[in-house]
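S.K.: Sending over a structure as structure tokens; questions will come in a sec.
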Amino acid sequence: MGLWRKRGRPVENQHQTGQTGLAIIAVLASVALVHAAWWWLSDSVVAHGNLVDSDGYARLVRVLRLVETGDWFNVSLPRANWPYGGSLHWTRPLDVLLIGLALPMATFVGFAKALFWAGVLISPLLHGLAAVTLMWAARPLIGAGASVVAGMLSAVAFGVLGYATIGHADHHVLVGLVAVAAFGFTLRALVSPGDAARHALSAGWVLAFGVWVGTEIQVTAGLCFGVAALKWAVQDGGGGLAVNRRMALGFLLGLIAALVIERGPGVWTVQYDRLSIVHVTLGALIFGLWSALGFAPLKRAWARLAAGAIGGGVIFAGMVALFPKVLVSPLIDVAPVMLEIFASVAEYAPVPDPWHFLVYAGGVILALPWAVMQVVRSHEPERWGWLLLVAGLVVYTLFAVNWIRWSLYVGLFSTVALAHMMMRAEALFDDFAPAVRVTGKVWLLLLIAVGPFAVGMAGIASTSSPAGTREFVDGDPRPCPVQAMSRFLNRAPWGDRPRMILASANDGAELLYRTPHRVMGTLHHPNTQGIIDSIRILSGTDDFKTLALMRQRRVDLVLVCRRWGGDAYRAVEGNLYQRLLDGDAPGWLAEVALPEVLGTAFRLYTVAEP
């Protein structure tokens, strides 16, 4: 009998492995199908050789500079904010992924073109990996079958697709992937008592990697640490203490390792929006708290709650004392005009109306009540997993209402509750006749999966004006076809040497990517001064002061788009921007004759020699 068991286990394991493999294939196929359909039916960006936004171009410029110089610790962009130079607050993990994805293609098309295609594909590929990770993460809470459905649902979550479609060469989906992995390990630490410490350590490591990728993961870290601490406080002082200590240890060790890799000799640099000693200090204080609590005789729940609250207050006070700006958003701690600029950037803007909320995060309307109901109905220890999910949905939704970029997380985590709801709701039709059963199940599943999105899209369609026809300029369908303009600037006589171009900050990063020229403003908050000076020049009404600032900035060319009115300085009667649009430039600016097609979109001026 013992021999039979030994031989039977591999067969059973092989069967489970085969099922897992099929589930992964099904999830990846769903994601791939949606992205392929998007590319084929809806893409108006990559098909014309463009990326979605300026972040993608800035990322590729950054990676190209890393490859050219080999200087891992140098994150400057010398050609931005000219002549002083600019920088970016991003970190290296996504850079490495882009290089790794580009290298196999570089043999056939050259590295520069391969890197462009790596930027095109990176977010859909990370979306596929995030969907598979979601399937793994949710399994202990909702079961194997429902977890597969959750992974597949992420393929049609518009909050996710808003950042995961082709042409998004940025880190948003990578941070979402890390958040899902952290959720999976924290969930296991909460609901798997026998192996909780190991999972908690892994959760800490993953969260530390997330801080390395992007500091916004600190919200997810707060959720994971918060629910784990609450469980320790109200339920079990012993095992829960070990779980929290292990999670804090993994977090601290991961942050230290990431800091050394990312910054090298600059480990003591204080920076709030990029992994720095600030975040390692936070990790050390959290680990110190949980280490100290191990020596306290906290037998009662109220004592643990009080100790946790006091310890949290000490950490808060310590961080504020050491780093006074730790609670200040990078977008608030800048000149007021920057807030107006970033408010016009879609991902930083609030959800404009209920219809758009339904499109980007509508699934939470069904997911959150269902998850709350499971907190009430479920038993220990699964209740803690549902509580973690509820906390995440509430926090992410509140953030998404104010910053639409957080809809990515709402979309990812809503799928867990929606998939569980689907599996339960499907049984409602089991007693009906076959035709009714099939029809009812299909419509119910569609309602859960895309119902809020469909209502939102219908609402937007009913309140929006019909879209106008696109006018192509040299193959570029955008209102301000920077790609076409760049080809002109790369030709003689403008391409004979690098020149300093004053243009909209919206176009700065793309000009850096497509030309050898220099720019003043790029749409990134570390480059605040470049943006402010470009606004001061283009909104200027005093020619003497305006020219003096242009000389200081060594401006060679001024480029204005005739079709775009979204810049913060806007066209005001008599300011330089309006005069340039009207072709009424001051004497020290001479208009450059553009080809007819380009002239419909731009005006280009050269600055007179001093």
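The values are calculated or read from the model by the stated rules, or taken from the named source; none is laboratory data. Please read all numbers here as calculations on a predicted model, not as lab measurements. A quick note on method: Cβ atoms are made from the backbone with ideal geometry, for glycine too, and the neighbour counts reach across all protein chains shown. These area figures cover heavy atoms from the full protein model, side chains too; ligands, DNA and RNA do not enter into them. Shrake-Rupley method; radii C 1.70, N 1.55, O 1.52, S 1.80 Å.
S.K.: Relative contact order, percent, of the range 121-269 when contacts are C-alpha pairs under 8 Å separated by at least 6 residues?
M.R.: Over the range 121-269, the number comes to 22 percent.
S.K.: Could you pull out every Cys in the chain that lacks a partner Cys with its beta carbon under 4.7 Å away?
M.R.: So, C224.
S.K.: Keeping the other protein chains in place, figure out the carbon and sulfur percent of the accessible area of the chain, with a 1.4 Å probe. Let's see the in-between values first.
M.R.: On the way: 17750 of 26890 Å².
Its accessible area is 66 percent carbon and sulfur atoms.
S.K.: Here's something else I'd like to know. For the range 269-327, what is the largest minus smallest coordinate of the Cα atoms on each principal axis, given in angstrom and ordered from greatest to least?
M.R.: Principal-axis extents of the Cα atoms in the range 269-327, largest first: 41, 17, 14 Å.
S.K.: Between L594 and F108, what is the spin-label point distance in nm, taking each point 7 Å from the Cα along the Cα→C-beta axis?
M.R.: Those two pseudo-labels are separated by 3.6 nm.
S.K.: Which angle between 0 and 90 degrees, to the nearest 10, do you get for helix 382-402 versus the longest principal axis of the chain when only C-alpha atoms count?
M.R.: Here the helix axis deviates by roughly 20 degrees.
S.K.: Return the FRET efficiency for the residue pair M373, A26: r is the Cβ-Cβ distance, R0 is 41 Å, and the value is rounded to the nearest 0.05.
M.R.: E between M373 and A26, to the nearest 0.05, is 0.90.
S.K.: Compute the distance in nm between two label points, each set 7 Å from the Cα along the Cα-to-Cβ direction, one at R497 and one at K299.
M.R.: So the two model labels end up 8.4 nm from each other.
S.K.: Next up: Debye sum, Cα scatterers, the chain, no solvent: what log₁₀ I/I(0) at q = 0.05, 0.08 1/Å?
M.R.: Once normalised to I(0) and log-transformed, intensities are -0.26, -0.65.
S.K.: Follow-up question, since we're still on this one. Rounded to the nearest 0.05, what FRET efficiency do L64 and R554 have when you use their Cβ-Cβ distance and R0 = 30 Å? Spell out each step's value before the answer.
M.R.: Details: r = 23 Å, r/R0 = 0.78.
Efficiency computed from Cβ-Cβ geometry: 0.80.
S.K.: If you take every DSSP beta bridge whose two residues both sit in the chain, what share of them, in percent to the nearest 5, is antiparallel?
M.R.: So the antiparallel bridges amount to about 75 percent of the total.
S.K.: Are there any chymotrypsin sites (Phe, Trp or Tyr not before Pro) in the range 27-91 that are in a DSSP loop and have at most 16 other Cβ atoms within 10 Å? List them by number.
M.R.: Here the sparse-neighbourhood loop sites are W72, F73, Y84.
S.K.: Determine, for each peptide in 542-554, 20-32, the mean count of other beta carbons within 10 angstrom over its residues, then list the peptides with the highest first.
M.R.: Working: 542-554: 14.5, 20-32: 16.8.
Output ranking for 542-554, 20-32: 20-32, 542-554.
S.K.: Figure the gain on full extension for A321 and D430 (residue separation times 0.36 nm, minus the Cα-Cα span) and round it to one decimal in nm.
M.R.: Between A321 and D430, full extension yields 33.1 nm more.
S.K.: Now for a separate question. Going by amide H atoms built from the backbone, whose H comes under 5 Å of the H on S87, apart from near neighbours?
M.R.: Amide H neighbours of S87: L77.
S.K.: Given points 7 Å out from each Cα along the Cα-Cβ axis, report the A608 to A461 separation in nanometres with one decimal.
M.R.: Each label point lies 7 Å from its Cα, and together they span 5.7 nm.
S.K.: Same structure, new question: Between A144 and D543, what length in nm is gained on full extension when 0.36 nm per residue of separation is reduced by their alpha carbon distance?
M.R.: 136.7 nm
S.K.: What base-10 log of the normalised intensity I(q)/I(0) is obtained for the range 471-570 from the Debye formula, alpha carbons as equal point scatterers, at q = 0.11 Å⁻¹?
M.R.: Debye curve over Cα of the range 471-570, log10 I(q)/I(0) at q = 0.11 Å⁻¹: -0.33.
S.K.: Moving on to the next point. Accessible area per residue of the chain at 1.4 Å probe, in Å²?
M.R.: Per-residue accessible area for the chain comes out at 44 Å².
S.K.: Additional query: Per DSSP H run of n ≥ 4, the term is -39500 (n - 2.57); total these for the chain, divide by its residue number, and report the mean residue ellipticity at 222 nm rounded to 500 deg cm²/dmol. Show your work: numbers first, answer last.
M.R.: Details: 24 runs with 394 residues, N = 610.
Dividing the helical sum by the residues of the chain leaves -21500 deg cm²/dmol.
S.K.: Given a Förster distance of 25 angstrom, what is the FRET efficiency for L33 paired with W443, based on the Cβ-Cβ distance and rounded to 0.05?
M.R.: Rounded to the nearest 0.05, the efficiency is 0.75.
S.K.: On the principal axes of its Cα set, how long, how wide and how thick is the range 124-269? Give whole Å, largest value first.
M.R.: So the three principal-axis extents are 48, 47, 19 Å.
S.K.: In addition: Assign one of three labels to the range 345-443, namely rounded, prolate or oblate, based on the Cα gyration tensor with a ≥ b ≥ c the square roots of its eigenvalues; rounded applies when a/c is under 1.5, prolate when it is not and a/b is larger than b/c, and oblate otherwise. All intermediate terms of the calculation are to be shown ahead of the outcome.
M.R.: Numbers: a/c = 3.63, a/b = 1.48, b/c = 2.45.
Oblate.
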